Each structure stands twice: as C-alpha cells, then as structure tokens.
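No lab work stands behind these numbers, since they all come straight from the coordinates. All of these numbers come straight from a predicted model, not from anything done at the bench. Positions of Cβ are backbone-derived with ideal geometry, glycine not excepted, and every protein chain shown enters the neighbour counts.
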Amino acid sequence: MKKIEPKTVEKEKIVAEKLNGRFAMLGFVALVGAYLTTGQIIPGFI
C-alpha cells in the first residue's frame, strides 16, 4: 500500500491567489460604485 504524501503549495501561489481575490473585490466595488453614481454598468459606453 502506498503512503500518500500531503500536497504542499508554494507560498508564491498562495500570495498570488489572495492578491487576485483582493483585486477582484476591488473591481466589484468599483463596478457597484459606478452603477450607483451614474446608473450605467460601464460609464461612457452606451
């Protein structure tokens, strides 16, 4: 029977995923803010 080793994730990948999530949240907040202030989903486009 094989012994299963736990997978290790590099620290850089964890940091990159956290940063990606934070930028996604920032973009979502910017989208909601633009919609609330202008009434358009993409201001200046249509």
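For helix 11-38, what angle does its Cα long axis make with the longest principal axis of the chain, in degrees from 0 to 90 and rounded to 10?
Once rounded, the angle reads 20 degrees.
Expressed as a fraction of 2.2 N^0.38 Å, the rule-of-thumb size for a compact globular protein of N residues, what is the C-alpha radius of gyration of the chain?
Details: Rg = 19.6 Å, N = 46, 2.2 N^0.38 = 9.4 Å.
Taking N as the residue count of the chain, the ratio is 2.08.
With the crude spin-label approximation of a point 7 Å out along Cα→Cβ, what separation in nm comes out for PHE28 versus ILE4?
3.1 nm
If I model a spin label as a point 7 Å beyond the Cα along the Cα-Cβ vector, how far apart are those points for TYR35 and GLU12 in nm?
3.7 nm
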